[in-house]
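Asker: Got a structure for you, questions after.
FYI, it's all coordinate maths here, none of it is from the lab. What you are looking at is a predicted structure, and each value in this text was computed from that prediction instead of being measured. Please note: Cβ atoms are built from the backbone with ideal geometry, for glycine as well, and neighbour counts cover all protein chains shown.
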Amino acid sequence: MGSRASLALRRQGSPFTGIGPVLVKELADHLSSVRMLVLTLFVIAFGAFPVASSLQTLRTVVDPNSFLFLRIFTLEPEQVGISFVAALNFIIPLMAIGLGFDSVNSEFNRRTLSRVLSQPIYRDALLMGKFLAGLATFAVVLVALWLMVFGAGLLLLGVPPRGVEVARGVGFLVVAIAYGGIWLAISMLFSVLLRSPATSALCALGLWLFFLLLWPQLASAIVSGAAAGEIRSVEDYAALQDLAMGLMRLSPGTLFSEAVLALLSPETRTLGPMLPAQMRGAILGAPLPFDQSLLLIWPQITGLIAGMIVVFAAAYVVFQRQEVRA
Amino acid sequence: MADISSDTVIKARGLTKLYGRHRAVDAIDFDIRRGEIFGVLGPNGAGKTTTILMMLGLTERSGGSVDVLGFDPVRQPLEVKRRVGYLPDAVGFYDHLTARQNLRYTARLLGLPRREAETRIVDAMESVKLADVLDNRVSTFSRGMRQRLGIAEIVMKRAEVAILDEPTSGLDPHSTFELLEMIRGLKRAGVAVLLSSHLLDRVQSVCDRVALFNEGRIALMGTVVELANLVLGAGHPILVEAAGLDIAGTLYGIEGVQSVVPEGEGAWRVVADRDVRAAVAHRIVASGGALTRLADLQPSLEEVYTRYFEEARHAA
């Protein structure tokens, strides 16, 4: 199949012809679908509880410098046992899978694919349009949710959010959308690979459960296997920790929670173990400036976006090679 | 591409498609001219749909060349697809959208300006007699209506070439008749139509030329009469029913008559090398006979098809 450049040389016309109409149509389909309604209700049901409980707790806080608005997201109310962010950590993949698991195979099954592809567009436009529409839908829901949380905070706490809180909140949105993008790309990859939407959904959910439940166990098993030798120095220990974190970071969920931790808890100085030498001169509990927090999670953000692109590219390659006949 | 004559719209030379070592399409040549209906026949797996997909650039060819309206479907698929309408086998539409919304989506993919798209949609739906269900959801449509909606899409597109893959399969006789009438309408509008089908007698009634596919090759190509001459033997058969005279003796004297064979009570099958109906009628009446029936026996495509595959099997 050669590189992108040689493809462009070989065929004429922009691969993006028709991407607009595909995007608009898919977006309209998503926004008017029953599935969308169900997903929204799902998000509200899971999100409202932690947010309401956090707000109850936070009303008693008087410190104006304590990033009140960010704590709506991160506070783990006792009666709920899960913070809003932790809830999002598994709602986001579910939503993204819900939006993407049948995006290509349903066109096969409805026998619309060959008819649509016989219009003057490339397959690129169809896949890209569908992906962007899914991402846009997802972003709309997330932004709405975010605004509701900030709005509720504004009403119930009675203080406006500070600029830096809004900035961190927006950063959180971007990270959340990229996290959803990975899962959207994964579910679309399955929708290209598997003709049956049910199987595709099952595979995507299976992968999600694997990363959620099994991967942490597996990673620690691998690490304890690697630690069979004696740990003789701090370096040995640090190397082991690096391995453990490296393995955990293969899961998009880990990248998301680390990025969110640094963004929404400004006092986070490191995402790994900290050596005493690094603590020198640090005031414990003092918040980092926003740009320093961003710097801290830059690898996580690029990892999320790169992961999204890699998975999408895989779906793209498979789709290009597929026969369109049903 | 300069050698393409102005009325040839599709030109295939040595067109080949390999799936692994299997030759799905094996070096076929054909030309399709503007304003003709070209029938593609053959058993399942003969390579008809693969050929169609290669013409649209939806499948890459393994060898040979195709030229569609002066464009190469592999290198310039958008130019080809802008000018060619395709109705796939068992076409699907988005069920949750209305017919108008479905066509509007196609119009947007074609890049038509909004106002022009709206008038074209209404005109196209009128031409396939679906104007009254324009705003009904496609989920309420019968199979025949979906096929007509597919034709409407081609009309709206103002395609120069229409490729129809099994358009009449699964339709009742009335819907089939209506659909074929619409296909004739495309031809009247100057569209070159390529039609693949299993319904031989139906194909025969609309096609100007046919190509018989067998195992990836074009076994026979030409008008139905030409194929019949080739497979069933030359001749122009007619059926004569008459009484009151010695038919065989009377008719053998007519110039061009090759054989007179009795076919049941008072009926004869006459084969000549030209149309001898007028001469036959004249001779019988002049000889004092009572002519009760004189019918042109159109060579039937079904006969050609059956005979050809019988012979192919025997040869194998």
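Asker: Put a dot 7 Å past each Cα toward the Cβ at B:ARG184 and A:ARG195; how far apart are the dots in nm?
Answerer: Result for the modelled spin labels: 3.8 nm.
Asker: What's the average, rounded to a whole number, of partner chain beta-carbon atoms within 10 Å of each residue's beta-carbon in B:156-165? Each step should come with its number before you reach the end.
Answerer: Numbers: counts 0, 3, 0, 1, 0, 0, 0, 1, 0, 2.
Partner-chain Cβ atoms within 10 Å, mean over residues of B:156-165: 1.
Asker: Exposed loop sites here are trypsin sites (Lys or Arg not before Pro) in DSSP loop states with at most 10 other C-beta atoms within 10 Å. What is the longest stretch of chain A lacking them? Display every interim value, and only then the final one.
Answerer: Working: sites that count: A:ARG232, A:ARG280.
Looking at chain A, A:1-231 is the longest stretch - no exposed trypsin sites (Lys or Arg not before Pro) with at most 10 other Cβ atoms within 10 Å.
Asker: Any idea what the dipole of segment B:8-222 comes to, in debye rounded to 20, about its Cα centre with Lys/Arg Cβ at +1 and Asp/Glu Cβ at -1? Walk me through the intermediate numbers first.
Answerer: On the way: 32 positive and 26 negative charges, 101 e Å.
It works out to roughly 480 debye.
Asker: Modelling each spin label as a point 7 Å along the Cα-to-Cβ direction, I'd like the B:ALA243/B:HIS174 distance in nm, to one decimal.
Answerer: For the pair B:ALA243/B:HIS174, the computed spacing is 3.9 nm.
Asker: For chain A, take N as its residue count and report Rg(C-alpha) divided by 2.2 N^0.38 Å.
Answerer: Numbers: Rg = 22.2 Å, N = 326, 2.2 N^0.38 = 19.8 Å.
Scaled against compact globular proteins, the figure is 1.12.
Asker: Okay, next question. Which Rg and Dmax, in Å, describe the Cα atoms of segment B:150-196?
Answerer: Reported Rg and Dmax, both Å: 10.2, 28.
Asker: Within the set of other residues whose C-beta is less than 11 Å from the C-beta of A:ARG35, count the net charge using Lys and Arg as +1 and Asp and Glu as -1.
Answerer: Details: positive: none; negative: A:ASP29, A:ASP102.
Spelling it out: positives minus negatives among the neighbours equals -2.
Asker: Further question on the same structure: If you find the alpha carbon centre of segment A:35-64 and of segment B:40-67, how far apart are they in angstrom?
Answerer: 58 Å
Asker: At 27 Å minimum axial length over the Cα atoms and a Kyte-Doolittle cut of 1.6, report the qualifying DSSP H helices in chain A, or say none. Please list the in-between numbers first.
Answerer: Working: long enough: A:34-58 (35 Å, 1.72); A:123-157 (50 Å, 1.90); A:163-193 (45 Å, 1.77); A:290-321 (44 Å, 1.34).
The qualifying helices are A:34-58, A:123-157, A:163-193.
Asker: Turning to a different aspect of this structure: Quick one: what do you get for segment B:8-222 if you divide its Cα Rg by 2.2 N^0.38 Å? The partial results should precede the final answer.
Answerer: On the way: Rg = 16.8 Å, N = 215, 2.2 N^0.38 = 16.9 Å.
Here the answer is 0.99, to two decimals.
Asker: Moving to a separate point now. Hey, with R₀ at 25 Å, roughly what FRET efficiency would A:ALA314 and A:SER220 work out to, going by the Cβ-Cβ distance, to 0.05? Walk me through the intermediate numbers first.
Answerer: Values: r = 28 Å, r/R0 = 1.13.
Given R0 = 25 Å and the Cβ-Cβ separation, E is 0.35.
Asker: Further question: Evaluate peptide B:77-85: per residue, the Cβ atoms of other protein chains within 10 Å of its Cβ; return the mean as an integer. Before the final figure, lay out each step's value.
Answerer: On the way: counts 9, 11, 3, 2, 7, 4, 1, 2, 3.
Mean partner-chain Cβ count within 10 Å for B:77-85: 5.
Asker: Under a Cβ-Cβ cut-off of 12 Å, what is the net charge of the residues other than A:ARG321 that fall near it, where Lys and Arg count +1 and Asp and Glu count -1? Each step should come with its number before you reach the end.
Answerer: Working: positive: A:ARG123; negative: A:GLU323, B:GLU60.
Result for the neighbourhood of A:ARG321: -1.
Asker: Can you give the FRET efficiency to the nearest 0.05 for A:GLN322 and A:ALA136, using r as the Cβ-Cβ distance and R₀ = 30 Å? All intermediate terms of the calculation are to be shown ahead of the outcome.
Answerer: Values: r = 25 Å, r/R0 = 0.83.
After rounding, the FRET efficiency stands at 0.75.
Asker: Sticking with the crude label model, points 7 Å out along Cα→Cβ, report the distance from B:GLU310 to A:THR270 in nm, one decimal please.
Answerer: Between B:GLU310 and A:THR270, the simple spin-label model gives 9.0 nm.
Asker: Now, a different point. I'd like the distance between the alpha-carbon centres of segment B:222-252 and segment B:189-219, rounded to an integer number of Å.
Answerer: One Cα centre to the other: 25 Å.
Asker: Percentage of Cα-Cα pair distances in the protein assembly as shown greater than 33 Å, rounded to whole percent?
Answerer: Details: 124928 of 205761 pairs.
Looking at the protein assembly as shown, the distances longer than 33 Å represent 61 percent of pairs.
Asker: How do A:TYR179, B:TYR308 line up, fewest other C-beta atoms within 10 Å first? Could you put the intermediate results ahead of the total?
Answerer: Values: A:TYR179 29, B:TYR308 19.
Going from sparsest to densest Cβ surroundings: B:TYR308, A:TYR179.
Asker: Sticking with this one: Projecting each Cα onto the charge dipole of the protein assembly as shown (Lys/Arg +1, Asp/Glu -1 at the beta carbon, about the Cα centre), which of A:ALA314, A:ILE297, A:PRO287 comes out farthest on the positive side?
Answerer: Among A:ALA314, A:ILE297, A:PRO287, the one farthest towards the positive end of the dipole of the protein assembly as shown is A:PRO287.
Asker: Separate question: For the ranges B:253-265, B:29-41, B:273-285, what's the packing order if you count other beta-carbon atoms within 10 Å of each residue, average per peptide, and put the highest first? Before the final figure, lay out the partial values.
Answerer: Details: B:253-265: 13.2, B:29-41: 20.2, B:273-285: 15.6.
Per-residue Cβ counts within 10 Å, averaged per peptide and sorted highest first, yield B:29-41, B:273-285, B:253-265.
Asker: Additional query: Where the only charges are on Cβ atoms (+1 Lys, Arg; -1 Asp, Glu), what is the dipole of the protein assembly as shown about its Cα centre, to the nearest 20 debye?
Answerer: Numbers: 60 positive and 58 negative charges, 234 e Å.
Dipole size: approximately 1120 debye.
Asker: Could I ask something else about it? Once Rh is set to the Kirkwood radius over Cα pairs, what Stokes-Einstein translational diffusion coefficient, in µm²/s, holds for segment B:1-129 at a temperature of 25 °C and a viscosity of 0.890 mPa s? Please list the in-between numbers first.
Answerer: On the way: Rh = 16.6 Å.
Approximately 147 µm²/s, per Stokes-Einstein.
Asker: Please report, in Å, the Rg and the Dmax of segment B:233-301, where both are computed over Cα atoms only.
Answerer: That works out to 10.9, 36 Å for Rg and Dmax.
Asker: When Cβ neighbours within 10 Å are restricted to other protein chains, what is their mean count per residue of peptide A:46-53? Each step should come with its number before you reach the end.
Answerer: Values: counts 0, 0, 0, 0, 0, 0, 0, 0.
Average per residue, whole number: 0.
Asker: If I take R0 = 25 Å and measure r between the Cβ atoms of B:ILE254 and B:ALA290 in this structure, what FRET efficiency does the formula 1/(1 + (r/R0)^6) give, to the nearest 0.05?
Answerer: Details: r = 18 Å, r/R0 = 0.72.
Calculated value: 0.90.
Asker: Right, here's the next one. Nearest 5 is fine: what % of DSSP beta bridges in the protein assembly as shown come out antiparallel, could you say? Mind dumping the intermediate values first?
Answerer: On the way: 37 of 54 bridges.
Percentage antiparallel, nearest 5: 70.
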